[in-house]
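The values are calculated or read from the model by the stated rules, or taken from the named source; none is laboratory data. The structure displayed is predicted, hence computed values, not measured ones. Don't worry about glycine lacking a Cβ; one is built from the backbone with ideal geometry, like all the others, and counts go over all protein chains shown.
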Amino acid sequence: MRLILAVLTLWPGFALADPLISLTSGIFCNTRPTTTSRAPDTLQKSIEILDRPLLVQETTRIPDIDGVLFGVEELLRPEDRRALIITVEHPPFHGVTVESWTSVPDATAPTFHGYELGNLGGSPRGHWRITGSRGREILFQAEFEVVAPTADMRRDAAACSATS
């Protein structure tokens, strides 16, 4: 698995707070990392910073396929671009169920936060949650289910390969 930082439409499973203009969740096409950032509270101890990934499908059901990138893309009000804590909760994986890092939202465009499945030798199926917060204030939260892939899910996930 690889943690990733990188518009907004409401989708089931979302909660929005005032600084948030929009939020989109689902499956995205992966892009090359532009850099990495230290993130000691993650399995890999770092996150990759990506160019803005392309949304493939708005969904909360994520196929357990190595290389699938899923997450949220949020846009905050221009006057509220302070740092966030991004928290990813997932089923146990290498003894870990919660990972988190600090993110400073982009000042001019939506910011992506997500996960790439399969990078650390597997991906736990089950319930996942990505939350953006400041202190005790939750700015956004998205819920996902990582599930065994169907034939349709495999076809949809392959759409990124066709566009790269």
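Observations, loosely collected:
- Check on ALA107, of a type in the set (Gly, Ala, Ser), outside any helix (DSSP H, G or I) and over 18 Å from the mean Cα position of the chain (by Cα): yes
- First in the stretch 124-141 and more than 17 Å from ILE21 (Cα to Cα), second anywhere and outside any strand (DSSP E or B) and of a type outside the set (S, T, N, Q), Cβ under 6 Å, 6 or more apart: ARG125/ASP64
- Some residue of the stretch 80-95 being touching a Lys or Arg at 6+ places or on another chain (Cβ under 8 Å), acidic (Asp, Glu), closer than 25 Å to GLU145 by Cβ and not in a loop (DSSP other than H, G, I, E, B): yes
- Criterion applied to SER100, SER123 was being touching a strand residue (DSSP E or B) at 6+ places or on another chain (Cβ under 8 Å), surrounded by 14 or more Cβ atoms within 10 Å (Cβ to Cβ), part of a strand (DSSP E or B) and of a type outside the set (Phe, Trp, Tyr), and the one residue passing it is SER100.
- Test result for TRP128, modelled with pLDDT of 90 or more and in contact with a Phe, Trp or Tyr (Cβ under 6 Å, 6 or more places away or on another chain): yes
- Among residues of the stretch 126-155 being among the hydroxyl-bearing types (Ser, Thr, Tyr) and part of a strand (DSSP E or B), the one that is surrounded by the fewest Cβ atoms within 10 Å (Cβ to Cβ) is SER133.
- Restricting the stretch 67-89 to residues that are more than 16 Å from SER25 (Cα to Cα) and surrounded by 13 or more Cβ atoms within 10 Å (Cβ to Cβ) leaves a set whose member that is modelled with the highest pLDDT is ILE85.
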